[in-house]
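Read the structure below first, then the notes.
Please treat every number below as a calculation from the coordinates, not as lab data. Note that the structure is a prediction, hence the values are computed from the model and not measured. Ideal geometry is used to build each Cβ from the backbone, glycine not excepted, and the neighbour counts take in all protein chains shown.
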Amino acid sequence: MQKTLVSILIPFKNTFSFLPECLRSIFNQTHTNWELIIVDDFSTDKSYELVYEYAQKEERITLLKNKTPGIISALRLALSHSKGKLITRMDSDDIMHKDKLNILAKNLLRFGKKHIATGLVRYFSAEGISEGYKKYEEWLNCLTIKGTNYSEIYKECVIPSPCWMIHKDDLIACDAFNPNRYPEDYDLTFRFCEHQFKVIPCDKILHYWRDYYTRASRTDSHYAENSFLELKVHYFLKLHYNPEKKIVIWGAGKKGKTLAKLLIANTISFEWICDNPKKIGKHIYNKLLKPFTYLETINNTQSIITVANQKEQDTIRHYLKAHRKEQMVDYFFFC
């Protein structure tokens, strides 16, 4: 397996403080047959100079400068220079477990093409991890342990961007990094699903995800909540929407309203239900809000649930299962 070359793609921008620890974690990998294609995405600090010094000493590093600003174009450039049979991505502010490449490559070679190797993730931060990130980490890892990541793909990105590995041929087959569609990691996850690449279960923590206030996922407008919903609707209509079924939106909060606007923009007919007595019987965007009991009067539905409360989600899930509704066919959680 050590004969298999793994190409590691890293875009970086102004991560001078974190790059040394990130690079050391790569140098310490037990799988030593790797190449690092690392692309400077218009840094304004001393990040480029730092990586240049490393590249002068380590022949496995190829340092490039992005031609147009943006993480997608940086990843596209990195991929175009890669020579490995297997491809993985890394973030310049994170840390690899020493066995990350070894475990991912071993699993991927064992299962073969049309599979994605991934692993568990662990957040870390000098300021401490928020409850929201802890819940996301736990939720994501529970899916990865079972390899059932796609089952909740409309909730959030179910394959962490810096903790996957795939055959280069498969990455090219799903047109990797070519649409300028953000969030790019979530978009790529949907295309993995579209191409029916199976997720290989893993129970090992392989990646340490750094959280800090200026991290791109916190500050970049491309990762704003509205982008997520637009992306979800785009792929729902492409992959799972059944025009012979009636769409039903559950919930009339902020996400429910945004979802309704997106469906209207795509000329998709739908019913709208909620449990808020102040909204039931009123119109929003010329759509009548109806109580949950209305669901009993219609058949052949696809429900999109935007209710965020976990207890309410559990109640909805039990209700739908009791009515023999199948997740990812008859109902989808969008939050």
message = Tell me the Rg and the Dmax, in Å, that the Cα atoms of region 1-56 produce.
response = 12.1, 39
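Rounded to the nearest 5, what % of the DSSP beta bridges within the chain are antiparallel ones? Mind dumping the intermediate values first?
Details: 9 of 49 bridges.
Rounded to the nearest five, the antiparallel share is 20 percent.
For region 77-205, what class follows from the C-alpha gyration tensor (a ≥ b ≥ c being the square roots of its eigenvalues): rounded when a/c is under 1.5, otherwise prolate if a/b is larger than b/c, else oblate? Please list the in-between numbers first.
Numbers: a/c = 1.39, a/b = 1.35, b/c = 1.03.
Taking the square roots of the gyration eigenvalues as a ≥ b ≥ c, region 77-205 is rounded.
Once fully extended, how much extra length lies between Lys246 and Asn178, figured as 0.36 nm per residue of separation less the alpha-carbon to alpha-carbon distance?
Details: separation 68, 0.36 × 68 = 24.48 nm, distance 3.32 nm.
21.2 nm is the gain from fully extending Lys246 to Asn178.
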request  = Go from 0 up to the bin containing the longest alpha carbon distance in region 245-333, width 5 Å each, and give me the % of pairs per bin.
outcome  = 3, 14, 27, 28, 19, 8, 1
key: Residues whose placed amide H lies under 5 Å from that of His97, excluding near-sequence neighbours   = His207, Tyr208
ask   = Hey, with R₀ at 56 Å, roughly what FRET efficiency would Ser269 and Tyr123 work out to, going by the Cβ-Cβ distance, to 0.05?
value = 0.85
request  = Would you pull out the residues with amide H under 5 Å of Arg89's amide H, same chain only if 5 or more places away, H placed 1.01 Å from N?
outcome  = Leu9, Trp164
ask   = Using alpha carbons only, how many degrees (0 to 90, rounded to 10) separate the axis of helix 47-57 from the longest principal axis of the chain?
value = 50
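Tell me which GluC sites (Glu not before Pro) from region 221-315 have a DSSP coil assignment and no more than 12 other beta carbons within 10 Å of their own.
Numbers: sites: Glu225, Glu230, Glu244, Glu271, Glu296, Glu312; in loops: Glu244.
Passing both the DSSP loop test and the Cβ count: Glu244.
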task = Using amide H atoms built 1.01 Å from N in the peptide plane, name the residues 5+ places from Lys198, or on other chains, whose amide H lies under 5 Å from its own.
result = His115, Ile116
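What FRET efficiency do you get for Tyr319 and Thr30 if R0 is 45 Å and r is their Cβ-Cβ distance, rounded to the nearest 0.05? Let's see the in-between values first.
On the way: r = 48 Å, r/R0 = 1.08.
So, using R0 = 45 Å, E works out to roughly 0.40.
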request  = State, to one decimal in nm, how far the label point of Phe111 lies from the label point of Tyr212, with both points 7 Å from Cα in the Cβ direction.
outcome  = 3.3
Gln327 versus Lys238: modelled label distance in nm, points set 7 Å from Cα along the beta carbon direction = 2.4
Distance (nanometres) between label positions extended 7 Å along Cα→Cβ at Lys57 and Glu138 = 4.2
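Classify region 6-223 as rounded, prolate or oblate, taking a ≥ b ≥ c as the square roots of the eigenvalues of its Cα gyration tensor: rounded when a/c is under 1.5, otherwise prolate if a/b is larger than b/c and oblate if not.
Values: a/c = 1.35, a/b = 1.19, b/c = 1.14.
Since a/c stays below 1.5, the shape of region 6-223 is classed as rounded.
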query = Counting pairs of alpha carbon atoms under 8 Å apart in space and at least six apart in sequence, what relative contact order in percent does the chain give?
reply = 16
ask   = Roughly what angle does helix 225-235 make with the longest principal axis of the chain, taking Cα atoms, 0 to 90 degrees, to the nearest 10?
value = 80
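Once the Cβ-Cβ distance between Glu131 and Lys254 is put in as r, and R0 is 25 Å, what FRET efficiency do you end up with, to the nearest 0.05?
0.80
On full extension of the chain, what length is gained from Asp203 through Glu296, given 0.36 nm per residue of separation minus the C-alpha to C-alpha distance?
So the chain would gain 29.4 nm between Asp203 and Glu296.
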message = If I fit a long axis through the Cα atoms of helix 131-146 and take the longest principal axis of the Cα atoms of the chain, what angle between them do I get, 0 to 90°, rounded to 10?
response = 80
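Restrict the search to region 112-209; then list the trypsin sites (Lys or Arg not before Pro) that DSSP places in a loop and that have at most 16 other Cβ atoms within 10 Å of their Cβ. Mind showing how you got there, number by number?
Values: sites: Lys113, Lys114, Arg122, Lys134, Lys135, Lys146, Lys155, Lys168, Arg181, Arg191, Lys198, Lys204; in loops: Lys113, Lys114, Lys155, Arg181, Lys204.
Those that pass, being in a loop and sparsely packed, are Lys113, Lys114, Lys204.
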request  = Would you give the gap between the C-alpha center of region 267-292 and the C-alpha center of region 103-136, rounded to a whole Å?
outcome  = 39
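So which GluC sites (Glu not before Pro) in region 78-187 pass both tests, a DSSP loop state and at most 14 other Cβ atoms within 10 Å of the Cβ? Display every interim value, and only then the final one.
Values: sites: Glu127, Glu131, Glu137, Glu138, Glu152, Glu156, Glu184; in loops: Glu127, Glu156.
Listed in order of number, the matching sites are Glu127.
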